[in-house]
Amino acid sequence: MEKKSFKIRTAAGFFAVVFFFALFFADLFRIQVVHAEEYSTQKVALRTSETTVKAARGEILDCNGVPLVTNEQVNSVVLDASYFPSAKAQEQRNEILCALIHLTEEADIAWNDNLPLVFDANGNIQYKENADSDIAFLKSRDVLHLNSYATAQNCFDSLVEKFSLQNYSKADARKIASVCYSLKKIAFSAANPFTFADEVPNDFAAKIKENSAFYQGVDIRVTTRRSYTDGTVAPHILGVVGKLNAEEYTEKKSGYDEASADETLSTAEKQTLSLRAYAMDDTIGKFGIESAMEDYLRGTNGVMTTTTDAEGNKETEITTAPVDGDAVILTIDAAFQKQVQDSLATFIQNYRDKASIPAVGSAVVMDVHSGAVLACATYPSYNLSTYYADYNTLAADKSSPLWNRALLSTYEPGSTMKPAIALAGLEEGIITESTKFRCTHIYTQFPDTPFKCLGYHGSIDVKEALNQSCNIYFYETGRLLGINKMNEYCTRLGLGQKTGVEIPESTGVLASIAYREAHGGTWYPGDTVQAAIGQSDNLFTPIQLANYAATVANGGTRHQAHFVKSVKSADYKETVLENTGTVLNETGISANNIRIVKEGMLRLGSRLSAFKDLPVQVAAKSGTAESKAKVNGSIVEGLNGFMISFAPYDNPEIAVAVAIENLNSGSATAVLVADIYKAYFNTAENYSAQQGYNTVLQ
């Protein structure tokens with residue numbers, strides 16, 4: 001019985017082994033015979049890595065679709081971690097980097113040297129100036145792990161040891177270490193390639209490609225840089241792009257970390273968020289529209305996947321295509337902007353009052369029905385195409401060409417304040433259209449502090465007071481109103497407030513008791529009458545003055561000023577944003593009272609000889625304010641000239657505000673204002689517009 005049982009168990013075991021091998025051979029037959037062709041065309045992937053493909057930045061165009069800022073293709077030298085020797089092969093890395101650096105320098109090509117260590121004139125290693133954050137990172141655990149008090153020489157010695165640079169000269173060791181430091185800083189990987197040189201010519205790129213067997217992981221990639229149709233057009237508005245600094249990177253990374261922590265995000269949303277994240281060597285808008293519209297202009301990066309098969313072969317393909325940034329369409333007309341800039345420069349040079357003070361000024365033109373800024377010029381100016389090359393010279397220039405005077409400078413507005421005070425007086429019933437005050441040159445309400453008028457106007461009403469700019473009339477109107485009631489109306493008109501433009505602007509100051517006391521001063525009754533004629537603590541920007549004039553011109557609606565008309569997708573097929581204008585507030589001032597003030601402004605416009613030959617009637621109010629400047633250690637007194645205006649009077653389209661420092665009279669600015677109207681209405685000599693100024697890209 002036991003013998004029989006043993007035989008059965010032996011037979012069962014035998015058949016089990018046979019069955020197992022049958023299954024094995026059947027699967028082998030399936031792989032090698034049935035599916036042989038399929039498996040022979042597929043290589044087993046041992047490793048897959050992903051590299052970021054940079055998206056092109058969106059373009060910036062004027063209101064007619066004329067390109068202002070575009071992209072120009074350039075060759076960049078990039079280190080790709082998928083092919084570049086790993087940190088374990090440091091000596092091979094050093095050999096490649098040393099040869100690449102020499103090749104680049106022999107061709108007189110700049111490469112990205114970010115190491116905060118430099119040699120002085122005596123060959124001693126020193127810390128680079130103004131590089132505190134980079135020096136701190138160099139000493140940190142992520143790189144050298146040195147104490148905070150480590151010297152530059154300590155850092156250099158540690159770099160030589162860390163990156164096996166003992167056999168190189170000090171100069172070469174420092175350069176190779178610079179690249180190795182940058183690789184550490186950006187967390188070099190397939191996902192974070194390092195741009196060794198931003199722009200190289202084609203012949204240099206060809207040398208790298210011809211020697212690709214040696215320059216492993218050194219890739220030539222076609223990228224883009226910002227290009228300008230005319231770099232002198234609206235540079236203060238457009239702005240520039242540049243490499244992220246430490247603070248910007250930290251801010252962007254913090255924003256990404258916060259956004260990616262949202263558990264409600266879908267997989268696709270998380271991927272898009274990741275592809276829009278900033279790398280340490282990315283570029284970003286530094287100021288102007290480039291900065292304000294960064295989220296639109298910045299595209300969504302793509303993904304390039306590199307697959308390594310069992311035999312060590314590598315294949316690369318684009319697995320996620322990059323999406324280029326959106327196109328930003330401005331309200332500015334390039335041709336008109338250029339004409340305003342040229343007129344501003346010519347006027348300032350011809351009409352400046354004192355040669356010892358830099359000639360400067362600005363002009364703003366605004367659509368009265370929407371707040372769209374049609375032109376915004378500052379003088380002196382600069383060229384965006386050479387911004388970085390010229391930066392040190394521009395920054396040292398005492399006339400401050402980098403400063404955006406139209407949006408950031410604040411001035412005592414002088415008599416341009418008077419239309420606002422007239423509106424307040426009329427609306428409050430302090431004065432009427434027929435109310436007259438007598439001007440005898442001296443205002444007698446404050447015997448101890450005489451306030452004067454520039455003329456002897458006799459008995460005068462509000463319209464003629466605006467025409468003649470009679471101080472006495474507005475002293476009295478302001479006194480009867482009081483500072484609080486005056487400011488109520490000035491606030492409705494937008495004075496001492498930001499206009500809402502997309503790029504930085506100053507708030508300005510609306511003179512008040514609270515403001516004076518907050519700054520340690522005392523408000524006196526005489527300050528109220530001074531404030532009524534645009535003095536005291538009043539400080540307004542030129543763009544505020546333009547918005548104020550536009551509000552009066554359109555009948556009392558204050559619009560948010562803006563430079564961006566719309567945003568389109570990169571292929572222009574989709575409208576991402578449409579800005580038709582935003583109403584900030586209605587002043588509530590009656591149409592009749594606005595009519596009275598506009599008629600007073602028309603009287604001045606009709607009286608100025610500069611406006612005589614224009615095809616439209618111009619309503620205007622000039623202003624003059626005292627100024628002081630320090631020249632060679634001495635205070636030089638001068639005058640600033642202003643004018644606010646709008647036209648055509650009977651059906652206003654645009655408002656123009658100009659502010660010129662160091663000018664002997666505000667009325668003199670009428671020559672400049674007239675040139676701007678000639679340009680807008682297409683009557684200037686030798687001027688022809690390619691398209692109408694209010695034609696917007698569809």
### Stretch gain in nm, segment ASP397-SER665, where the contour uses 0.36 nm per residue and the Cα spacing is subtracted
93.9 nm
### Inter-label distance, nm, simple model (7 Å from Cα along the C-beta direction), ALA268/GLU91
5.2
#### Entry: Between region 501-566 and region 64-136, the Cα center-to-center distance that results, in Å
49
#### Entry: Area of SER609 that stays accessible when all protein chains are in place (1.4 Å probe, Å², to 10)
100
## Note on the structure
Dividing the mean separation of Cα pairs under 8 Å (6+ apart) by the residue count of region 526-650 yields a relative contact order in percent of 18
### Query
With all protein chains present, how much of the accessible area of region 347-469 (probe radius 1.4 Å) comes from carbon and sulfur, to the nearest whole percent?
49
### Task
Give the span of region 462-569's Cα atoms along each principal axis, as three whole-Å numbers ordered largest to smallest.
57, 38, 18
### Query
Between ALA107 and HIS369, what is the spin-label point distance in nm, taking each point 7 Å from the Cα along the Cα→C-beta axis?
5.6
### Low-density loop cleavage sites - trypsin sites (Lys or Arg not before Pro) in region 559-635, where at most 12 other Cβ are within 10 Å (DSSP)
LYS573, LYS612
### Query
Can you list the trypsin sites (Lys or Arg not before Pro) in region 127-231 that are in a DSSP coil and have 10 or fewer other beta carbons within 10 angstrom?
ARG141
#### Entry: Loop-resident sites, region 212-307, for GluC sites (Glu not before Pro), counting at most 12 other Cβ within 10 Å (DSSP)
GLU263
### Query
Between THR440 and LYS128, what FRET efficiency comes out of the Förster formula 1/(1 + (r/R0)^6) with R0 = 60 Å and r the beta carbon distance, rounded to 0.05?
0.30
### Query
Which FRET efficiency, nearest 0.05, do GLU247 and LYS573 yield, Cβ-Cβ r, R0 51 Å?
0.85
### Message
For a test of the definition: using alpha carbon positions, the gyration tensor, and the 1.5 limit on a/c, classify region 361-420 as rounded, prolate or oblate.
### Response
oblate
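In whole percent, what relative contact order does the chain give with Cα contacts below 8 Å and a gap of six or more residues?
Relative contact order of the chain: 14 percent.
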### Query
How much accessible surface does PHE119 have with a 1.4 Å probe, in Å² rounded to 10?
70
### Task
Go through region 237-248 residue by residue and turn each phi into a ³J(HN,Hα) via Karplus (6.51, -1.76, 1.60, θ = phi - 60°); whole Hz please, and just put x for glycine and proline.
8, 5, x, 9, 10, x, 5, 4, 8, 4, 5, 5
### Task
Starting from the coordinates of the alpha-carbon atoms of region 148-250, obtain the Kirkwood hydrodynamic radius over all distinct pairs and give the value in Å to one decimal.
17.4
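Quick check on packing: order 320-330, 430-440 by the mean number of other C-beta atoms within 10 Å, highest mean leading.
320-330, 430-440
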### Summary
A chain fully extended from LYS170 to ILE513 at 0.36 nm per residue, minus the present Cα-Cα distance, gains in nm 116.9 nm
### Query
How big is the chain on each of its three principal axes, counting only the C-alpha atoms and giving the largest first in Å?
140, 70, 55
### Task
Go ahead and run the numbers for FRET between VAL74 and SER260, Cβ-Cβ distance against an R0 of 41 Å, rounding to 0.05.
0.85
## Note on the structure
Once the in-chain neighbours fewer than 8 apart are removed, the aspartates and glutamates whose Cα is under 20 Å from LYS485 read GLU412, GLU427, GLU428, GLU433, GLU476, GLU517, ASP527, ASP537, GLU586
### Message
Suppose only helical runs count, i.e. DSSP H with n ≥ 4. What mean residue ellipticity at 222 nm does that imply for the chain under -39500 (n - 2.57) per run, divided by all residues and rounded to the nearest 500 deg cm²/dmol?
### Response
-11000 deg cm²/dmol
### Kirkwood hydrodynamic radius of region 198-329, Cα pairs, Å
17.9
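If packing is taken as the mean number of other Cβ atoms within 10 Å per residue, what is the order of 331-338, 90-97, highest first?
Ranking, from highest mean packing down: 331-338, 90-97.
The values are calculated or read from the model by the stated rules, or taken from the named source; none is laboratory data. None of these values were measured; they are calculated from a predicted model. In this analysis, Cβ positions are derived from the backbone assuming ideal geometry, glycine residues included, and neighbour counts consider all displayed protein chains. Accessible surface is based on the protein model in full, side chains and every heavy atom, while ligands, DNA and RNA are left aside. Shrake-Rupley method; radii C 1.70, N 1.55, O 1.52, S 1.80 Å.
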